[in-house]
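Have a look at the structure below, then the notes.
The values are calculated or read from the model by the stated rules, or taken from the named source; none is laboratory data. All figures in this text were calculated on a predicted structure; none of them were measured in a lab. Glycine also receives a Cβ, built like all others from the backbone with ideal geometry; neighbour counts cover every protein chain displayed.
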Amino acid sequence: MPSPEDIRQRIESSIPGARAEVEDYTGGGDHFRATVTAAAFAGRSRIEQHRLVYDIFGAEIGGPIHALSLKTQTP
């Protein structure tokens, strides 16, 4: 199972200039909450912003990462 640190690193390495704060909000290792700040989100709808993040994880969402709650924002 991925850790909050694994998820943070993957987001930050996949979206140039992104900063992510990730927490395991149930303590079970499969429900995460992330706040992601990235210039790449500028001019994109909230749905497009979230897709940029979810696409990093692909089939892991709903599997090892049962839930990933996102808050996205521009710097």
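Checked against (1) outside any strand (DSSP E or B); (2) small (Gly, Ala, Ser); (3) buried (at least 16 other Cβ atoms within 10 Å of the Cβ), residue 29 passes all but a single condition, namely (3). Where the second residue is assigned to a strand (DSSP E or B) and basic (Lys, Arg) and the first is within 13 Å of residue 71 (Cβ to Cβ) and lies in segment 5-34, which pairs have Cβ atoms under 7 Å and are six or more apart or on separate chains? Filtered contacts from segment 5-34: 23/33; 25/33. Here 59, 18 are screened, and the one residue that is of a type in the set (A, V, I, L, M, F, W, C) and at pLDDT 95 or above is 18.
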